[in-house]
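What follows is a set of notes on a single structure, which appears directly below.
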């Protein structure tokens, strides 16, 4: 059962041919963007390729490159063709922006619809989308995909637990899109606080994403709710959710290879690894018009699963993401780098450069705590002045990382010193 | 002018103990203490018989500590004493940001510590009304 049988069931040879054709187009198109035009010139590259293997000649694109091209340096079409923008946090300073044409939005919806269909979502389903809408891609990405498929979409967004449960019950929601941590919390509220038996819910399927989680977490959630839980992978630079999606077999995520050219590399050397070896996932958009991205280093560690999936889809499967090659962490589905936080602290003269990030979970929701030391010269004994520093820091951080942190001011010398290998990020979440 | 010491502390068990321990060790007599907190941190305000020394030893122990101007006024340890002072300040439209105190002798003298925006002005006003100001300890 496929949403696009001819595309999902495509023979390996035909898939290769599609990739080759699309890659050639993508390279040609990318050459029209200011960023890639300059890059190609610098390396003396012609925006042309003959075979898939020619991609190896092109350098990788990193998050930093996206940041450098802020805001529109990678846009490859006339700007009036752009209909949507999404953003993700950058390692420092500016966030990275991704632009989509009408066709791109349509394609993204199709890829999500393929995934939803693969896990059993149908036109008859009631789909409650409990992910953040806005700059973050989790909300709108699945929203459009579920609509494409024809399901009824409830754009509930995240949080507002009581309302979520009410809608869930009254509209007989059958499918939800949610972070695993929030799903745990909902289960707790429904059973312990609302005292509603879970059997009263019509839920069948939960799509979970935006947070790294383990196979054990999936099984636990399935047992609590008596449902099937499926994993979905994506990143805003590659549209967002729907780059890869599990199918009914729950054994790896089918990466839509007619839309993304995937390589696994050794993150230290950049060397492309043979199939089946674990490494960093590198993706090239194959059909995106607005902002083609060539060999994007996702920093996510995974590997291709060898062999065909019993579901029949020819698109290869990647394993559940195992980790990161950098120090990025994810809070409430938002990517954050310690360097972003460091950057903000540098701008606030009242605090010292030592800091510690503690990530915890409270009632199923992530909490980001930033501990900073008050600088000696700035203490005048006024509590209101300390509070003002705290507020200033909270707001500045929020502007930068898109998540509201809890800022704790601590005594000088109580945090590990900034020299040496200090443990700056403490993740207390258990998933 | 009166002085108090403000010490930045995290809101954690054992913090006050550390401060009082240092004062005891240095034979500094703690006259009064009050705490203002804001969630995970707060400020401990103290008056001692040797504020200068207290400042130095706390600083040496890595505390964030700062002197603040306060009005330390002598009042009687009886009903209505504070009220009379408060009334004078109200008449002059002066806001009291913080106030605490301690008894010097039971049924006799007490010290009232006031944190106000214009310390000198308040001192003048109170002096004019016949109050005795305690310069420091």
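Any chance you could list the semi-axes, whole Å, largest first, of the equivalent ellipsoid that the Cα gyration tensor gives for chain B, using √(5λ)?
Three semi-axes, in Å: 27, 16, 14.
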Kirkwood-Stokes translational diffusion coefficient of the range A:17-147, alpha-carbon pairs, 25 °C, 0.890 mPa s, µm²/s: 146 µm²/s
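For n ≥ 4 DSSP H runs only, could you compute -39500 (n - 2.57) per run for chain B, divide by its residues and tell me the 222 nm figure to the nearest 500?
Details: 4 runs with 42 residues, N = 137.
About -9000 deg cm²/dmol.
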Taking N as its residue count, the alpha carbon Rg of the range A:331-427 over 2.2 N^0.38 Å: 1.05
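With an 8 Å cut-off on Cα pairs and a minimum separation of 6 or more residues, tell me the relative contact order of the range A:78-222 in percent. List each step's numbers first, then the result.
Numbers: 214 pairs, mean separation 28.4, N = 145.
Normalised by residue count, the contact order of the range A:78-222 is 20 percent.
I need the shape label for the range A:248-349. Rule: rounded when a/c is under 1.5, else prolate if a/b > b/c, else oblate, with a, b, c from the alpha carbon gyration tensor. Numbers along the way, then the final one.
Details: a/c = 2.04, a/b = 1.91, b/c = 1.07.
Judged from the Cα gyration tensor, the range A:248-349 comes out prolate (a/c at least 1.5, a/b above b/c).
Can you tell me the length gained on complete extension of the stretch residue A:62 to residue A:102, counting 0.36 nm per residue apart and subtracting the Cα distance? Show your work: numbers first, answer last.
Details: separation 40, 0.36 × 40 = 14.40 nm, distance 2.52 nm.
Going from the current span to full extension adds 11.9 nm.
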Share of Cα-Cα pairs in the range A:147-257 lying beyond 18 Å, as whole percent: 51 percent
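To the nearest whole number, what is the average tally of beta carbon atoms from other chains within 10 Å of the beta carbons of peptide A:384-390?
Numbers: counts 4, 1, 7, 3, 0, 0, 4.
That average works out to 3.
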Cα radius of gyration and Dmax for the range A:41-112 (Å): 14.6, 38
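Of all beta bridges DSSP finds with both residues in the range A:331-427, what is the antiparallel percent, to the nearest 5?
Details: 10 of 18 bridges.
If I count the DSSP bridges inside the range A:331-427, around 55 percent turn out antiparallel.
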Debye log10 I(q)/I(0) for the range B:1-46, one point scatterer per Cα, at q = 0.14, 0.25, 0.33 Å⁻¹: -0.34, -0.96, -1.28
Estimated [θ] at 222 nm from DSSP helical runs (n ≥ 4, -39500 (n - 2.57)) normalised by residues in chain A, nearest 500: -9000 deg cm²/dmol
Likely footprinting exposure, A:43, A:182, A:70, fewest C-beta neighbours within 10 Å first: A:43, A:70, A:182
Size descriptor, Kirkwood hydrodynamic radius, that averages inverse alpha-carbon separations across the range A:317-360, Å: 12.6 Å
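Using the reciprocal of the averaged 1/r over all distinct C-alpha pairs, how large is the Kirkwood radius of the range B:70-133 in Å? Before the final figure, lay out the partial values.
Working: mean 1/r = 0.0856 Å⁻¹.
Computed over Cα pairs of the range B:70-133, the Kirkwood hydrodynamic radius comes out at 11.7 Å.
Which order results if A:85, A:238, A:346 are arranged by neighbouring Cβ count within 10 Å, fewest first? Spell out each step's value before the answer.
Values: A:85 15, A:238 25, A:346 11.
Final ranking by Cβ density, sparse to dense: A:346, A:85, A:238.
Between residue A:266 and residue A:169, what length in nm is gained on full extension when 0.36 nm per residue of separation is reduced by their alpha carbon distance?
Result for the pair: 30.1 nm of gain on full extension.
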For the range A:71-143, alpha-carbon Rg relative to the globular expectation (2.2 N^0.38 Å, N residues): 1.29
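Pairs of alpha-carbon atoms within less than 8 angstrom and 6+ residues apart define the contacts here; what relative contact order does the range B:70-133 have, in percent? Can you show the working numbers first?
Details: 95 pairs, mean separation 29.4, N = 64.
About 46 percent, as a whole number.
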Residue A:9 versus residue A:54: modelled label distance in nm, points set 7 Å from Cα along the beta carbon direction: 3.3 nm
Percent of beta bridges antiparallel (DSSP, chain A, rounded to nearest 5): 65 percent
Separation of the residue B:35 and residue B:76 label points, Cα + 7 Å toward Cβ, nm: 3.5 nm
Distance histogram in 10 Å bins (all Cα pairs of the protein assembly as shown, percent per bin): 3, 15, 21, 19, 14, 10, 9, 6, 3, 1, 0
Footprinting exposure proxy for B:100, A:36 (fewest neighbouring C-beta atoms within 10 Å first): B:100, A:36
Relative contact order for chain A, counting Cα pairs under 8 Å that sit 6 or more residues apart, in percent: 15 percent
Gyration tensor over alpha-carbon atoms, the range A:1-325, equivalent ellipsoid semi-axes in Å: 35, 21, 18
The range B:1-71 versus the range A:361-416: alpha-carbon centroid distance in Å: 22 Å
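Where a number appears in this text, it was derived from the coordinates with a stated rule and is not lab data. It should be emphasised that the depicted structure is a prediction, and the values quoted were computed from it without experimental measurement. Positions of Cβ are backbone-derived with ideal geometry, glycine not excepted, and every protein chain shown enters the neighbour counts.
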